[in-house]
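The values are calculated or read from the model by the stated rules, or taken from the named source; none is laboratory data. Predicted model, so just to flag it, every value in this text is computed and none were measured. Here the Cβ positions follow ideal geometry from the backbone for every residue, glycine too, while neighbour counts run over all protein chains shown.
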Amino acid sequence: LLRQAMEFVGYTDITQDTINSHLRSTADAFFDSATNANYLRINLESALNALMPADDFGSSIISAHNMGSLGETTQVSGLVGTLQDRDYFTFVADAHGTVALSAETSHQLTVDWQLEGAVGELQDGVFSFDVMAGQQYTVSVGTSDGIGFYELAVEAQVDNRVDIPVVDDPPVAPSPLPPTTELGVIDFLELLGGDTAQDRQYQLIAGRTGTLTVEALFQHAGGDVDLEVYDAQGQVIATSESVTDNERIDIEVLAGQRYTLRVTGEREGVALRLANLVTHENGVVYVNGTTGDDQLTVAVGESTRVVINDVTYEFENVGEIHVDGRGGRDAAHVVGSEQRDTVTLGAGTAELKSRGYRVVVEDVADITVDGRGGRDNVTLFDSIHDDTITTSFSETKMTGGEYASTAINFEIVYGHANAGGYDTVTMYDTEGRDRFYASPSFARMIGSGFYHDLRGFEKVTARASSTKDIARLYDSSGVDQLLATPDYTLLRGDGFSNEARGFGRVFAYSNAGGHDTARLYDSQGDDRFYATSQYGVLTGDGFYNNARGFSRVTAYATGGSDEAYLFQRRATEAHYERTGYSAIYGSGFSASVRGFDTARTRLYNGEYITNTNVVAARGSAETAGERQQTETLSPLVWSVEDRATNQLVTTSRTENAHRDSETKADTEASGRLQRQLVAQYRRSVATIADDLTPSAAADPNVFDALFAELGELETDAVS
């Protein structure tokens with residue numbers, strides 16, 4: 001297909017590299033979160049459109065190419081580039097006669113002729129029709145088979161015959177005609193504050209086949225106004241002569257036909273509004289915007305109501321409504337029924353489906369869809385720009401580039417960000433008990449009567465207004481970082497950032513892989529921290545932050561009377577204390593506290609060590625005596641297996657028996673396992689260094705005692 005298109009527009013020496021280069025330059029870029037890489041997706045339509053020349057003439061009656069006053073012969077060159085392409089031409093006849101059109105074509109183009117508002121004849125490749133001097137005509141060139149270029153020849157043949165009428169009676173002077181204003185081709189026009197102290201008339205051409213609406217807006221108490229519409233033959237085809245406020249005429253017209261509107265009345269300050277924007281055929285309503293900024297409303301149900309630029313239409317037995325904004329900063333409001341509606345929203349597009357009807361909106365910058373209840377669901381798709389979605393119980397809004405899409409009163413919301421750009425989400429809770437779940441690939445807010453599920457967004461923020469809400473954050477397979485405070489919890493990694501704000505309880509899980517770290521910060525009140533090899537929990541007034549499965553967990557106390565409780569669960573775990581610091585370590589994990597008033601460590605053998613000087617890390621002086629008193633190295637015993645536990649409870653009799661059995665087996669471990677112990681402990685020391693403040697890490701005396709004990713341990717192990 002691409003090679004044929006290149007040949008069509010004149011390419012020579014077409015190679016595989018030529019085709020490949022063009023496909024890459026017109027492809028769509030997207031990011032794949034699974035492989036963490038950017039890719040190009042072939043867009044064949046875009047590749048073909050980029051090759052084809054731009055449409056050289058207008059593709060509708062409204063945008064028809066004006067050929068002016070048609071003389072004897074006119075030449076025009078053009079292209080029919082697609083099977084749907086049609087070029088429109090309009091002209092004014094200089095004299096009575098016949099116009100003949102013919103076309104020389106290239107490639108496989110077979111011309112299809114259409115004359116708007118009149119009848120033509122095709123004979124031997126020549127399309128002809130009669131014209132009257134001063135009248136405007138619109139003809140179009142399309143295809144009945146194939147595409148190609150054309151050379152259009154237009155020839156006017158003047159009728160020189162003169163008919164002499166037979167006069168039986170003396171002529172009667174005609175009544176004076178009201179002044180006439182030429183309005184041209186109409187799609188939508190407002191004439192505000194018109195002067196109708198005397199009758200006026202307007203000539204216009206229908207821009208499309210469909211409904212022509214004429215409204216005169218006024219208060220009847222100030223005087224009456226009536227409307228009349230005439231066809232091209234001068235016959236009255238519609239009138240409006242009520243004795244109420246305003247007058248309105250709705251008639252079905254043909255594109256390209258000329259009509260005359262006559263306004264009669266005895267008052268001034270009448271506003272006229274003309275609209276040729278709606279077509280209703282075979283149970284389908286087509287609503288067309290203008291090139292300006294339009295306001296549209298579509299409401300479905302037992303009957304269908306359409307409002308465009310304040311002109312209202314009511315329809316019965318309608319199955320589909322198609323809305324095309326056609327440019328400008330348009331705004332569309334679509335109202336669903338009380339049934340179960342399904343909606344798809346994109347950048348400038350919308351589709352609403354339910355039992356018995358379908359609404360399609362295209363090329364509209366601002367779209368709002370109201371589900372009105374009924375267990376409705378909406379799915380939003382992002383654009384290639386940086387998009388933002390905000391969700392709440394009653395409203396979801398997506399913005400990006402030059403568009404805004406809003407869904408209100410939808411119980412179920414799905415969102416997908418896969419078109420590109422850096423996309424963000426803010427999700428709000430309700431007054432009830434809500435739950436928030438977030439992973440590198442999805443974010444989900446669930447509560448009574450609603451379900452919001454968003455996928456592929458780079459940054460997610462969830463906001464809770466009640467401490468009754470719970471948030472659960474999940475890691476990636478890479479290296480992730482958790483930051484938890486009383487106000488918010490943030491888990492981020494390569495390509496994602498998930499944040500929970502204001503939740504009463506937050507659980508963060510590190511179980512997908514990677515060396516993940518967690519930092520937990522306290523409040524200014526009295527807080528408690530609990531840690532085992534499986535998790536670290538920091539809790540206080542109004543908050544509860546739980547980090548589970550992280551390789552390294554560090555808790556920081558900055559105010560209040562704070563206490564920490566560390567639990568050794570295995571003989572394989574080590575314990576270390578110094579002034580301002582307490583920690584437990586094991587295979588693949590470390591849990592430490594800094595700045596707490598008191599840190600109590602329950603050793604695996606059942607003993608307790610209390611460090612009352614951990615608060616020194618907040619900035620108080622640390623003496624050598626305090627360090628000597630608090631630095632204690634617990635017995636280090638290693639096991640071949642690391643049997644995990646998720647419970648933070650006091651040791652039971654069963655656990656004591658198991659511990660005694662395990663300790664005996666560990667005591668009989670080989671020298672090889674003891675050497676593994678030393679290597680593991682060296683890594684634990686490095687972990688401690690990472691947790692120290694810059695000032696503490698700069699002190700060469702901080703680790704003196706620790707390394708001395710490490711040297712003694714290594715000597716014992718080797719021997």
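Summary of computed values
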| quantity | calculated |
| --- | --- |
| Selection count where residues are more than 8 Å from residue 285 (Cβ to Cβ) and either assigned to a loop (DSSP other than H, G, I, E, B) or free of Cβ contacts under 8 Å to residues at least 12 places away in the same chain (or both), scope region 308-319 | 7 |
| Residue list for region 276-319, filter: closer than 19 Å to residue 372 by Cα, in contact with a strand residue (DSSP E or B) (Cβ under 9 Å, 6 or more places away or on another chain) and of a type outside the set (Gly, Ala, Ser) | 296, 297, 298, 300, 304, 305, 306, 307 |
| Residue 274 vs. criteria out of contact with any helix residue (DSSP H, G or I) (no Cβ under 6 Å at 6 or more places or on another chain) and under 17 Å from residue 206 (Cα atoms) | yes |
| Some residue of region 394-406 being at pLDDT 95 or above, closer than 21 Å to residue 493 by Cβ and of a type outside the set (Val, Ile, Thr) | no |
| Matching option when the condition is part of a loop (DSSP other than H, G, I, E, B) and surrounded by fewer than 19 Cβ atoms within 10 Å (Cβ to Cβ), among 327, 348 | 327 |
| Test: residue 529 is at pLDDT 95 or above and in a loop (DSSP other than H, G, I, E, B) | no |
| Matching option when the condition is among the charged types (D, E, K, R), touching a Ser or Thr at 6+ places or on another chain (Cβ under 6 Å) and within 19 Å of residue 34 (Cβ to Cβ), among 494, 475 | 475 |
| Cross-chain or 6+ apart pairs with Cβ under 6 Å, region 78-107 first and touching a residue at least 12 places away in the same chain (Cβ under 8 Å), then in a strand (DSSP E or B) and among the acidic types (Asp, Glu) | 78/87; 98/130; 100/155; 104/151 |
| Subset of region 103-116 that is in contact with a Phe, Trp or Tyr (Cβ under 8 Å, 6 or more places away or on another chain) and not β-branched (Val, Ile, Thr) - its residue that is farthest from residue 183 (Cα to Cα) | 107 |
| Restricting region 330-345 to residues that are β-branched (Val, Ile, Thr) and crowded, with 19+ Cβ neighbours inside 10 Å, the residue that is farthest from the chain's Cα centre (by Cα) | 335 |
| Unmet criterion (only one of (1) assigned to a loop (DSSP other than H, G, I, E, B); (2) crowded, with 18+ Cβ neighbours inside 10 Å; (3) not acidic (Asp, Glu)) for residue 99 | (1) |
| Condition check for residue 448: surrounded by fewer than 19 Cβ atoms within 10 Å (Cβ to Cβ) and farther than 24 Å from residue 416 by Cα | no |
| Residue under evaluation residue 557, criteria (1) of a type in the set (A, V, I, L, M); (2) at pLDDT below 85; (3) surrounded by 24 or more Cβ atoms within 10 Å (Cβ to Cβ), criterion not met | (2) |
| Given (1) farther than 30 Å from residue 416 by Cβ; (2) in a helix (DSSP H, G or I); (3) at pLDDT 85 or above, number of the condition residue 14 does not satisfy | (2) |
| Residue ID - farthest from residue 107 (Cα to Cα), chosen from residues in region 3-22 that are hydroxyl-bearing (Ser, Thr, Tyr) and surrounded by 10 or more Cβ atoms within 10 Å (Cβ to Cβ) | 21 |
| Matching residues, region 24-70, being touching a residue at least 40 places away in the same chain (Cβ under 8 Å), assigned to a loop (DSSP other than H, G, I, E, B) and surrounded by 14 or more Cβ atoms within 10 Å (Cβ to Cβ) | 33, 52, 60, 61, 62, 64 |
| Residues of region 245-287 classified as modelled with pLDDT of 95 or more, among the aromatic types (Phe, Trp, Tyr) and not assigned by TED's automatic domain parsing to the domain that holds residue 308, total | 0 |
| Scan of region 384-435 for residues that are polar (S, T, N, Q) and in a strand (DSSP E or B), ordered by number | 388, 390, 391, 396, 399, 405, 406, 424, 426 |
| The one condition in (1) in contact with a Ser or Thr (Cβ under 6 Å, 6 or more places away or on another chain); (2) of a type in the set (Val, Ile, Thr); (3) not in a strand (DSSP E or B) that residue 364 fails to fulfil | (1) |
| Residue within region 508-531 that is surrounded by 23 or more Cβ atoms within 10 Å (Cβ to Cβ), farther than 25 Å from residue 576 by Cβ and touching a residue at least 40 places away in the same chain (Cβ under 8 Å) present | no |
| Condition met for residue 41 (closer than 30 Å to residue 442 by Cα, modelled with pLDDT of 85 or more and of a type outside the set (Phe, Trp, Tyr)) | yes |
| Members of region 466-480 that are within 21 Å of residue 455 (Cα to Cα) and surrounded by fewer than 17 Cβ atoms within 10 Å (Cβ to Cβ) | 477, 478, 479 |
| Residues (more than 19 Å from residue 515 (Cα to Cα), touching a residue at least 60 places away in the same chain (Cβ under 8 Å), part of a loop (DSSP other than H, G, I, E, B) and not basic (Lys, Arg)) located in region 570-594 | 571, 572, 580 |
